[in-house]
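Structure first, commentary second.
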Amino acid sequence: MAEFLQITLSGLATGSIYALAAIGFTLLWQASQTINFAQGEFVMLPAFFVLIGMHVLGLPLFVAMLFALLLSLILLGAMFKKLVIEPMLPHGTLPIVMATIALGILMKESVKEFYSAEAQPFPALVSDRTVDIFGASVSFQDIANLAISLLVVVALQFFLNGTRTGRCMQATAQNPGVAEILGVNIKRMVLYTFLINAALATVASFLISPIYLAKFSNGEPIGLVAFIAAIVGGFNQIRGALVGGLLIGVVDNLAASYVSAQYRAAVPLLLLIVIILVRPQGIMGKAEGRTV
């Protein structure tokens, strides 16, 4: 029982990080019908911004993290929207998909070429000590990752539901035409969504890099799992993305421990197939009608 609890808590901690990236998928889709297949690289890159801040600019860790966050907001938020998404929007979804795939490859190869092809150690934000919970030995890092991720999600939900700007963003996502008639600045609300996505990816990068190290190849598996988590939970629901991320993290850990670690990469795909067959709109998603 103690081992099961330990594996489950560790899975929740990892899954909560996947959930942050999955929520980014959901937000961008709601705001601008954008599917960002470079989302995994958006999680990979801020860790290298931190390393550049520490090793090249000589900044302390937390100052380097602020530097990375600011850089991410500019490059992965504002410039991504302006230079990649806006030129492609008039041409439909497929060109956006192709552009973001190309952007992901560019980001991955640029890190490999200009920084390092080797995995880089990333400083942990908390102690690596463990604490006993009902007989299970759980690391402070897992507890901190889970707590920080859930706190970020709660803060995001409060912002979207409890502030005027957040409600305007939701109105833009639900019906941009009506929102514009009511005086909402549509372009600004969409920009805020891209900035929030960049911030979520940056937080996910800070949390996951001490576990898996900072590697140029981290983006692909993280992006794939986050995309699956968004679909499993419900692509049109933030809460669904959270549930999908947590579920995949737990199922992945349990499968690796009790079935086979060799096939753990297939677990999210199997879960995706089952969910699509049983509930195509996702666990917490809402069915959307489409005129043909």
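In the set V63, V50, V43, which member is assigned to a helix (DSSP H, G or I) and surrounded by fewer than 24 Cβ atoms within 10 Å (Cβ to Cβ)? Lay out the reasoning, then the answer.
Working: V50 fails: surrounded by fewer than 24 Cβ atoms within 10 Å (Cβ to Cβ); V43 fails: surrounded by fewer than 24 Cβ atoms within 10 Å (Cβ to Cβ).
Among V63, V50, V43, only V63 is assigned to a helix (DSSP H, G or I) and surrounded by fewer than 24 Cβ atoms within 10 Å (Cβ to Cβ).
Please verify whether A78 is among the small types (G, A, S), out of contact with any strand residue (DSSP E or B) (no Cβ under 7 Å at 6 or more places or on another chain), assigned to a helix (DSSP H, G or I) and surrounded by fewer than 18 Cβ atoms within 10 Å (Cβ to Cβ), treating the condition exactly as stated.
On the way: among the small types (G, A, S): yes; out of contact with any strand residue (DSSP E or B) (no Cβ under 7 Å at 6 or more places or on another chain): yes; assigned to a helix (DSSP H, G or I): yes; surrounded by fewer than 18 Cβ atoms within 10 Å (Cβ to Cβ): yes.
For A78, the condition - among the small types (G, A, S), out of contact with any strand residue (DSSP E or B) (no Cβ under 7 Å at 6 or more places or on another chain), assigned to a helix (DSSP H, G or I) and surrounded by fewer than 18 Cβ atoms within 10 Å (Cβ to Cβ) - is met.
Name, by its number, the condition in (1) surrounded by 23 or more Cβ atoms within 10 Å (Cβ to Cβ); (2) more than 29 Å from V50 (Cα to Cα) that does not hold for G244.
With (1) surrounded by 23 or more Cβ atoms within 10 Å (Cβ to Cβ); (2) more than 29 Å from V50 (Cα to Cα) applied to G244, the lone miss is (2).
So in the range 89-115, with the set limited to residues that are touching a residue at least 24 places away in the same chain (Cβ under 8 Å) and polar (S, T, N, Q), which one is farthest from S32 (Cα to Cα)?
T100
Mind listing whichever residues of the range 81-117 are in contact with a Leu (Cβ under 8 Å, 6 or more places away or on another chain), assigned to a helix (DSSP H, G or I) and either farther than 17 Å from A31 by Cβ or β-branched (V, I, T) (or both)? I'd like the intermediate steps shown before the answer.
Applying the first criterion (in contact with a Leu (Cβ under 8 Å, 6 or more places away or on another chain)) to the range 81-117 yields 81, 84, 96, 107, 111, 115.
Those still in the list that are assigned to a helix (DSSP H, G or I) too: 81, 84, 96, 107, 111.
Hits for the range 81-117 are V84, I96, M107, V111.
Go through (1) touching a Ser or Thr at 6+ places or on another chain (Cβ under 6 Å); (2) modelled with pLDDT of 95 or more one by one and return the number of the condition F49 breaks.
Going through (1) touching a Ser or Thr at 6+ places or on another chain (Cβ under 6 Å); (2) modelled with pLDDT of 95 or more one by one, F49 breaks only (1).
Residues checked against (1) part of a helix (DSSP H, G or I); (2) polar (S, T, N, Q):
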| position | (1), (2) |
| --- | --- |
| A179 | yes, no |
| G183 | no, no |
| Y192 | yes, no |
| S205 | yes, yes |
| S209 | yes, yes |
| I228 | yes, no |
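Restrict the check to the range 192-210 and report whether at least one residue is over 21 Å from A19 (Cβ atoms), of a type in the set (A, V, I, L, M, F, W, C) and out of contact with any Pro (no Cβ under 9 Å at 6 or more places or on another chain).
Pass one, the range 192-210, residues over 21 Å from A19 (Cβ atoms): none.
Looking for residues that are over 21 Å from A19 (Cβ atoms), of a type in the set (A, V, I, L, M, F, W, C) and out of contact with any Pro (no Cβ under 9 Å at 6 or more places or on another chain), one finds none in the range 192-210, hence no.
Just to be sure before I move on: is R188 among the basic types (K, R), under 29 Å from A31 (Cβ atoms), under 16 Å from the mean Cα position of the chain (by Cα) and surrounded by fewer than 24 Cβ atoms within 10 Å (Cβ to Cβ) in the structure I sent?
Numbers: among the basic types (K, R): yes; under 29 Å from A31 (Cβ atoms): yes; under 16 Å from the mean Cα position of the chain (by Cα): no; surrounded by fewer than 24 Cβ atoms within 10 Å (Cβ to Cβ): yes.
No, not satisfied.
Please state which one of F235, F216 is of a type outside the set (G, A, S), modelled with pLDDT under 90 and more than 12 Å from the chain's Cα centre (by Cα).
Working: F216 fails: modelled with pLDDT under 90.
Just one listed residue meets the conditions, F235.
The conditions are (1) closer than 24 Å to T8 by Cα; (2) crowded, with 21+ Cβ neighbours inside 10 Å; (3) β-branched (V, I, T); (4) out of contact with any Gly (no Cβ under 9 Å at 6 or more places or on another chain), and V232 fails exactly one of them. Which is it?
Of everything listed in (1) closer than 24 Å to T8 by Cα; (2) crowded, with 21+ Cβ neighbours inside 10 Å; (3) β-branched (V, I, T); (4) out of contact with any Gly (no Cβ under 9 Å at 6 or more places or on another chain), V232 misses just condition (4).
Cβ-Cβ below 7 Å, separation at least six or inter-chain, first residue in the range 120-133 and in contact (Cβ under 8 Å) with a residue 12 or more places away in the chain and under 25 Å from S217 (Cα atoms), second surrounded by 13 or more Cβ atoms within 10 Å (Cβ to Cβ) and small (G, A, S): which pairs?
Within 7 Å, the pairs are Q120/A214; F122/A47; F122/S209; F122/A214; L125/A144; V126/A144; D128/S139.
Among the residues of the range 122-143, are any surrounded by fewer than 13 Cβ atoms within 10 Å (Cβ to Cβ), out of contact with any strand residue (DSSP E or B) (no Cβ under 7 Å at 6 or more places or on another chain) and at pLDDT 90 or above?
Checked the range 122-143: no residue is surrounded by fewer than 13 Cβ atoms within 10 Å (Cβ to Cβ), out of contact with any strand residue (DSSP E or B) (no Cβ under 7 Å at 6 or more places or on another chain) and at pLDDT 90 or above.
The values are calculated or read from the model by the stated rules, or taken from the named source; none is laboratory data. Keep in mind the model is a prediction, meaning the values are calculated, not measured. Every residue, glycine among them, receives a Cβ derived from its backbone with ideal geometry; neighbour counts consider all protein chains shown.
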